[in-house]
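Student: Pasting in a structure now, in structure tokens, and then I'll have a few things to ask.
The values are calculated or read from the model by the stated rules, or taken from the named source; none is laboratory data. What you are looking at is a predicted structure, and each value in this text was computed from that prediction instead of being measured. Cβ sites come from the backbone with ideal geometry, for glycine too, and all protein chains shown count toward neighbours.
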Amino acid sequence: MRDTLGREITYLRISLTDRCNLRCVYCMPPEGVNKREHREILSLEEMEEIAREAAALGVRKIRLTGGEPLVRRGMLSLCRRLRDIPQLEELTLTTNGVLLPGMAAALKAAGVDRVNISLDTLDPEKYRCVTRTGTLEDTLAGIWAAGEAGLTPLKLNCVLIGGFNDDEIPALAALTAREPLEVRFIELMPIGGAAPFGPEAYLPCEAVLERLPELEPLGETGGVAERFRLPGAVGTVGLIRPLSGCFCGRCDRIRLTADGCLKPCLHSREEIPIRGLHGADLRRALGRAILHKPERHGELSAQVRSEAARDMNQIGG
Ligand code: SAM
Ligand code: SF4
């Protein structure tokens, strides 16, 4: 289905839970989230029903996210049920990777095609600092397990934070030299825990091109990322510029929060509650969300924070 601007909406991102086993400084408060009652969160059956109706409207790709999607109990059975949706072409998930060593093979068997794993630094102390509670070794083990299980091609999401990991741009990009993966540098967005960061933290992706002038543009986009390659590298480097660029014109997605609201745009306050709707009513509500996607999000900068009324762990990125 196309929106009023002619953009074809083929991609649904589902946040399985607000909860997480890490506490990244730019995403969540240190104390985590208030534990919600089970009944406040969509059941896995409700998520499946919404996904089926979305597929009937043209959704071909679903990404599971969070919070941390792997902490949601029963998520493997949801994956299996989503995989049964005939129109679905791709099932992916975004994870911090910590639980992948024990789950990667089961995820592949349940029908997940590939995963994006968040990795902002290669330094164990900095990893602990940015995630507040995490251990770099666990995520590296998760990346390895995902590769072994065939959840590939892997994408590693790295949020650029000025004064924190800009010195690691060459080392992170060098991960693509011998492995067929994509390292994606993402501009920090003024939302969630990042909203009060100082202007120096909001580093534009241009910094990657300045540090690595040898990056060759591939002239193609991978969804919202612009793609590059280091000379002779097997993998690719992606740049995602929500602040210094604008990819709203090619936005193809809608989002579903764990408590049952559709978000036509990540950075808009607008939400459409769809919990309790079924059949034609549900499809109509999904259709409305698609049709009324805003043309673009408002300004985002170190000074102007996102208009989204939720933190990032409640939307899923
Ligand atoms: N827990 C999973 C993970 O970390 O990959 C999935 C959920 S997380 C909210 C999804 C993505 O959003 C991660 O890659 C994370 O780094 C990114 N993210 C969170 N807060 C952000 C912010 N303020 N600016 C840019 N990216 C952010
Ligand atoms: Fe958790 Fe992902 Fe947010 Fe980090 S970015 S706190 S891993 S939801």
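Student: So which residues in the range 175-197 are farther than 15 Å from ARG241 by Cα, buried (at least 17 other Cβ atoms within 10 Å of the Cβ) and either small (Gly, Ala, Ser) or within 16 Å of ligand 2 (Cβ to nearest atom) (or both), if there are any at all?
Tutor: GLY192, GLY193, ALA194, PHE197
Student: Would you tally the residues in the range 77-97 being within 16 Å of ligand 2 (Cβ to nearest atom) and not aliphatic (A, V, I, L, M)?
Tutor: 5
Student: I would also like to ask the following. Within the range 103-157, take every residue that is out of contact with any strand residue (DSSP E or B) (no Cβ under 9 Å at 6 or more places or on another chain) and of a type in the set (Lys, Arg) and give me the one that is modelled with the lowest pLDDT.
Tutor: In this case the residue turns out to be ARG132.
Student: Next question. Go through (1) surrounded by 22 or more Cβ atoms within 10 Å (Cβ to Cβ); (2) assigned to a helix (DSSP H, G or I); (3) more than 16 Å from ligand 1 (Cβ to nearest atom) and name the single condition LEU42 misses.
Tutor: (2)
Student: Tell me, yes or no, whether the range 122-142 has at least one residue that is surrounded by fewer than 18 Cβ atoms within 10 Å (Cβ to Cβ) and β-branched (Val, Ile, Thr).
Tutor: yes
Student: For the range 234-248, give me each residue that is under 17 Å from the mean Cα position of the chain (by Cα) and modelled with pLDDT of 90 or more.
Tutor: Listed by number, the residues that qualify are VAL237, GLY238, LEU239, ILE240, ARG241.
Student: Restricting the range 1-39 to residues that are outside any loop (DSSP other than H, G, I, E, B) and within 12 Å of ligand 1 (Cβ to nearest atom), which is farthest from GLN314 (Cα to Cα)?
Tutor: ARG13
Student: Just name the residue that is surrounded by the fewest Cβ atoms within 10 Å (Cβ to Cβ) out of those in the range 1-25 that are among the hydroxyl-bearing types (Ser, Thr, Tyr) and under 25 Å from ARG250 (Cβ atoms).
Tutor: THR4
Student: Can you tell me which residue is farthest from HIS297 (Cα to Cα) among those in the range 184-225 that are within 12 Å of ligand 1 (Cβ to nearest atom) and assigned to a helix (DSSP H, G or I)?
Tutor: Out of the qualifying residues, it is ALA201.
Student: Among the listed residues ILE41, ILE9, ILE62, ILE14, identify the single one that is β-branched (Val, Ile, Thr) and more than 19 Å from the chain's Cα centre (by Cα).
Tutor: ILE41
Student: Residues of the range 45-74 being in contact (Cβ under 8 Å) with a residue 24 or more places away in the chain and under 20 Å from LEU99 (Cα atoms), which ones?
Tutor: ARG63, LEU64, THR65, GLY66, GLY67, GLU68, PRO69, LEU70, VAL71, ARG72, GLY74 - these are the residues of the range 45-74 that are in contact (Cβ under 8 Å) with a residue 24 or more places away in the chain and under 20 Å from LEU99 (Cα atoms).
Student: Step by step: first the residues of the range 56-103, then only those that are of a type in the set (S, T, N, Q) and touching a Ser or Thr at 6+ places or on another chain (Cβ under 7 Å), then the one that is nearest to GLU137 (Cα to Cα). Which residue is that?
Tutor: Once the filter is applied, the top-ranked residue is ASN96.
Student: Do the conditions hold for ASN157, that is, is it buried (at least 22 other Cβ atoms within 10 Å of the Cβ) and either in contact (Cβ under 8 Å) with a residue 24 or more places away in the chain or away from ligand 1 (no atom under 16 Å from the Cβ) (or both)?
Tutor: Considered against the rule, which asks whether it is buried (at least 22 other Cβ atoms within 10 Å of the Cβ) and either in contact (Cβ under 8 Å) with a residue 24 or more places away in the chain or away from ligand 1 (no atom under 16 Å from the Cβ) (or both), ASN157 comes out as no.
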